[in-house]
1. Looking at the range 292-302, can you tell me whether even one residue there is in contact with a Lys or Arg (Cβ under 8 Å, 6 or more places away or on another chain), small (G, A, S) and within 23 Å of L34 (Cβ to Cβ)?
2. Which condition breaks for T4 when tested against (1) polar (S, T, N, Q); (2) at pLDDT 95 or above; (3) surrounded by fewer than 21 Cβ atoms within 10 Å (Cβ to Cβ)?
3. What are the residues in the range 7-60 that are at pLDDT 95 or above and polar (S, T, N, Q), if any?
4. Give the range 199-254 a look and list any residue that's closer than 23 Å to D171 by Cα, surrounded by 13 or more Cβ atoms within 10 Å (Cβ to Cβ) and of a type in the set (D, E), or say none.
5. What are the residues in the range 136-157 that are under 22 Å from F42 (Cβ atoms), assigned to a helix (DSSP H, G or I) and in contact (Cβ under 8 Å) with a residue 40 or more places away in the chain, if any?
6. Just for the range 105-128: of the residues that are outside any helix (DSSP H, G or I) and in contact with a helix residue (DSSP H, G or I) (Cβ under 7 Å, 6 or more places away or on another chain), which one is farthest from D284 (Cα to Cα)?
7. Can you tell me which residue is farthest from I25 (Cα to Cα) among those in the range 57-113 that are surrounded by fewer than 21 Cβ atoms within 10 Å (Cβ to Cβ) and among the β-branched types (V, I, T)?
8. Select from the range 258-276 the residues that are loosely packed, with under 15 Cβ neighbours inside 10 Å, charged (D, E, K, R) and closer than 24 Å to V196 by Cα and list them in ascending order.
Amino acid sequence: MTVTERKIGSEGGVTTPRIDVDAFIARYKVDNELTREALHEFPTLCYLLGNTTDTPQAMDSKPDGVARRIFFLTEGSGMFGLAQPEDAMRWRGIFNHVMGTTRQVYYLSQRLMELDEGGRAAFGNHGFDTETFGEMDPELMRRFFFVSHAGRRRADERAWHGLDDEVHRDDDIGEASLKFLISQGAEQGIIDLMRVEAHSDLLNTGIRLGFFPNVVDNILTYADWTYGQKPQTLQSRFEGLRKSQRQPKEVLDVLERAGNHFERAMVEALGVDTPTRMANAHFDWEERIRRAYCAPSGISIVHAFPDYSAQFGIAA
């Protein structure tokens with residue numbers, strides 16, 4: 001569905017690779033008009049569609065502590081276009097994280113693209129490779145983060161429920177996402193940016209240098225680390241990560257140090273209020289996509305994304 005194209009979506013006015021949106025809509029039986037509109041406007045979201053079991057397979061309280069009937073993924077990504085309310089509520093947390101991070105990536109990459117030579121030199125003075133400013137493409141970076149966690153449900157269902165089939169093959173979320181996107185024929189730019197999900201590579205660079213030289217890599221990681229389920233500081237995010245004990249303290253120390261190094265350069269170049277302005281950036285496209293997430297299942301945007309709705313005064 002990415003080789004022969006009948007309709008090319010705009011992705012915010014930028015021509016994108018060949019994604020046959022209508023074929024994805026037909027394959028995954030996307031009936032909701034709001035969701036269909038979002039897919040045509042942002043074709044990369046097609047990679048987040050999926051099919052699930054027709055009936056619930058068990059009761060479970062992961063990942064948010066709320067016991068609900070659960071459905072298992074049978075095809076695709078299963079992160080968008082979810083028709084079952086319980087299914088949509090179960091996976092809203094990761095979708096919320098992805099959308100909030102995407103917003104911050106889009107804002108920050110646009111701001112950094114506008115820097116003059118003096119602003120870029122501030123990054124050079126901190127050891128960053130200023131040549132990598134030339135790799136910055138806010139539209140591509142937005143498309144990438146839309147689907148950067150495309151394999152999250154596959155990996156989580158395998159870990160939580162012991163599933164082992166063609167859909168549930170990988171324990172590592174980054175590896176599951178990369179393999180899935182390659183299988184879908186995702187554009188090379190997205191595949192290349194998946195390097196930031198290869199945490200061992202980032203860790204090795206952070207240990208060796210104390211930071212990540214590539215400015216694009218820093219935007220993607222910093223925006224991720226400063227948005228959990230809502231905007232937060234690096235300090236608060238890493239405090240939470242340490243409490244969860246999902247990664248060793250030594251690993252988190254390296255990553256936090258890299259994040260702080262980038263933040264210092266960013267503040268020097270763009271101003272001390274940059275993290276606040278990034279956190280409060282609002283884009284109409286984000287709200288449209290969030291509403292399109294909710295629409296097939298009938299849940300309200302306020303119920304699915306309460307922090308987001310409260311932050312921007314959005315009503316149901």
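1. Within the range 292-302, none of the residues are in contact with a Lys or Arg (Cβ under 8 Å, 6 or more places away or on another chain), small (G, A, S) and within 23 Å of L34 (Cβ to Cβ).
2. Going through (1) polar (S, T, N, Q); (2) at pLDDT 95 or above; (3) surrounded by fewer than 21 Cβ atoms within 10 Å (Cβ to Cβ) one by one, T4 breaks only (2).
3. Of everything in the range 7-60, those that are at pLDDT 95 or above and polar (S, T, N, Q) turn out to be N32, T35, T44, N51, T52, T53, T55, Q57.
4. Across the range 199-254, the qualifying residues are D201, D224.
5. Step one: of the range 136-157, the residues under 22 Å from F42 (Cβ atoms) are 136-154.
From the residues that got through so far, the ones that are assigned to a helix (DSSP H, G or I) too are 138-147, 152-154.
Within the range 136-157, E139, L140, M141, R142, R143, F144, F145, F146, V147, R152, R153, R154 qualify.
6. Just the residues of the range 105-128 that are outside any helix (DSSP H, G or I), to begin with: 114-116, 126-128.
From what is left, the residues that are in contact with a helix residue (DSSP H, G or I) (Cβ under 7 Å, 6 or more places away or on another chain) are 115, 126, 128.
Details: L115: 25, H126: 35, F128: 32 Å.
Looking at the filtered set, the residue picked out is H126.
7. Here the answer is V66.
8. Residue satisfying the conditions is R264 alone.
The values are calculated or read from the model by the stated rules, or taken from the named source; none is laboratory data. Since we're looking at a predicted model, the values are computed, not measured. No Cβ is skipped: glycine too gets one built from the backbone with ideal geometry, and neighbour counts run over all protein chains shown.
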